[in-house]
Amino acid sequence: MTIPIRVQEVPLAQIDLPEAAPEMAAAPDLDRLKASLLAVGLINPPWLKLQPGGRRFGVVTGNRRLQAAAGLGWQEITVRLAPSNASELYCLLVHLVDNAFTRGFNLREQAELAVRLLDHIDAETVTANYLPYLGLPPSRPHLSRLIKTARLEAPWQELAASGRLGLTAAARLADWDEASRAAAWPFWDSLRLSQSKQEELLDQVAILARREGISPAAVLARGELRRALTEPDRTPQERVQAVRRHLYAQVYPRLSAAREAFETALARLGWKRSPRLRLHPPEVFEGPDFQLEIKFQDAPELRQLLAEIAHLTQAEEFDGLTRIPPPSRSSKPGPGF
């Protein structure tokens, strides 16, 4: 059934703008919207709905367009007016479709809209018909992760809105107890972790927690890990790497020891920082084959590098370098390292 929509001029003073609309990270900023309104006028009118009493209007979609118009000092604005008897679901779908084709949604909005849709529509329909409007594949696991994400506390929701919390990581954090999420918060708050590094951190903390029969909070509270997180002399990227190295060493202690011994031997040979020669150990130090990477520009440079290699391979330290004992197979890392 088609619902009749009126287009009319409405005084901005009669519109109830939301006081604290969720931040829309994917939306254009207000200055750009203002510039657009000044240059070409209002192309896509906001949608309003008459409030009970018939004197004021609520926003169905287009809040930022209204804010930009108000910021320009407009007294009236052209709007599409939904009937006062339009259902909550109808208004929700108008908001969904209106924004899906103009800016997209951040993770907080995706989770909030998915949960709101489920108040009116069954999960199968939401998955098949509406997750694509949210920019997600039509799969039940994605819907399940959105539902979990919507349960996270407000600080996590802000990270989700800003793009600093990935969907998979958000869902996994929602499965942790509140104390463990609180312990994880400083790592997300102070570090800039890619989605893959977020999942890597959660994987390794979960492995340690299961292995030792403790909570993720207890793993994350360890002094050495906290020091790696807060070391003032390190750059943010160096702190990320320090946290990763520390967790890696705990999860894969033998492999970490083998890697450290290899790096130490390279340093003794003066080969660790060489920009033109790189020696790579066997993958996870299992198997017989080392790899040597050589970069050169011309024949003289290649001859010089080959002479350097011949000299280094005669050193006693080089024999020790290629005899580093391998870790046990139980130390083999998973994806991500």
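The values are calculated or read from the model by the stated rules, or taken from the named source; none is laboratory data. None of the values given here were measured: they were computed from a predicted structure. For neighbour counting, all protein chains shown are included, and Cβ atoms are generated from backbone atoms with ideal geometry for every residue, glycine included. Side chains are part of the model used for accessible areas, which takes the heavy atoms of the whole protein and leaves out ligands, DNA and RNA. Shrake-Rupley method; radii C 1.70, N 1.55, O 1.52, S 1.80 Å.
Residues in region 275-292 that are surrounded by 10 or more Cβ atoms within 10 Å (Cβ to Cβ) and among the acidic types (D, E): E283, E286. Quickly run through region 271-292 and pick out the residues that are more than 34 Å from the chain's Cα centre (by Cα) and not in a loop (DSSP other than H, G, I, E, B). If the condition is that a residue be more than 34 Å from the chain's Cα centre (by Cα) and not in a loop (DSSP other than H, G, I, E, B), then L277, Q291, L292 are the ones that fit. With a requirement of 2 or more residues that are at pLDDT below 95 and open to solvent by 30 Å² or more (accessible area, probe 1.4 Å), the helices (runs of 4 or more DSSP H) lying completely within region 86-156 that satisfy it span 88-100.
Is region 242-258 home to any residue that is outside any helix (DSSP H, G or I) and either aromatic (F, W, Y) or open to solvent by 60 Å² or more (accessible area, probe 1.4 Å) (or both)? Within region 242-258, one or more residues are outside any helix (DSSP H, G or I) and either aromatic (F, W, Y) or open to solvent by 60 Å² or more (accessible area, probe 1.4 Å) (or both). For region 185-239, a tally of residues being assigned to a loop (DSSP other than H, G, I, E, B), surrounded by 19 or more Cβ atoms within 10 Å (Cβ to Cβ) and β-branched (V, I, T) returns 0. Taking the residues in region 170-184 that are touching a Leu at 6+ places or on another chain (Cβ under 7 Å) and not small (G, A, S) as candidates, determine which candidate is least open to solvent (accessible area, probe 1.4 Å). Residue satisfying both the conditions and the ranking: L173. Is it fair to say L37 is without any contact (Cβ under 8 Å) to a residue 40 or more places away in the chain, touching a helix residue (DSSP H, G or I) at 6+ places or on another chain (Cβ under 7 Å) and either open to solvent by less than 40 Å² (accessible area, probe 1.4 Å) or assigned to a helix (DSSP H, G or I) (or both)? It is true that L37 is without any contact (Cβ under 8 Å) to a residue 40 or more places away in the chain, touching a helix residue (DSSP H, G or I) at 6+ places or on another chain (Cβ under 7 Å) and either open to solvent by less than 40 Å² (accessible area, probe 1.4 Å) or assigned to a helix (DSSP H, G or I) (or both).
Are any of the residues in region 58-75 within 28 Å of the chain's Cα centre (by Cα), in contact (Cβ under 8 Å) with a residue 40 or more places away in the chain and assigned to a helix (DSSP H, G or I)?
Checking region 58-75: at least one residue is within 28 Å of the chain's Cα centre (by Cα), in contact (Cβ under 8 Å) with a residue 40 or more places away in the chain and assigned to a helix (DSSP H, G or I).
Being more than 30 Å from Q314 (Cβ to Cβ) and aliphatic (A, V, I, L, M): is that true of A258 here?
Judged against the criteria, A258 is not a match.
Can we say F318 is of a type in the set (A, V, I, L, M, F, W, C), over 30 Å from R222 (Cα atoms) and either in contact with a His (Cβ under 8 Å, 6 or more places away or on another chain) or loosely packed, with under 14 Cβ neighbours inside 10 Å (or both)? No. Does any residue of region 156-170 turn out to be under 13 Å from A111 (Cα atoms) and of a type in the set (D, E)? The answer is yes; a qualifying residue exists. Among the residues of region 65-85, those that are out of contact with any Cys (no Cβ under 9 Å at 6 or more places or on another chain), at pLDDT 90 or above and either within 30 Å of L146 (Cα to Cα) or open to solvent by less than 40 Å² (accessible area, probe 1.4 Å) (or both) comprise R65, L66, Q67, A68, A69, I77, V79, L81.
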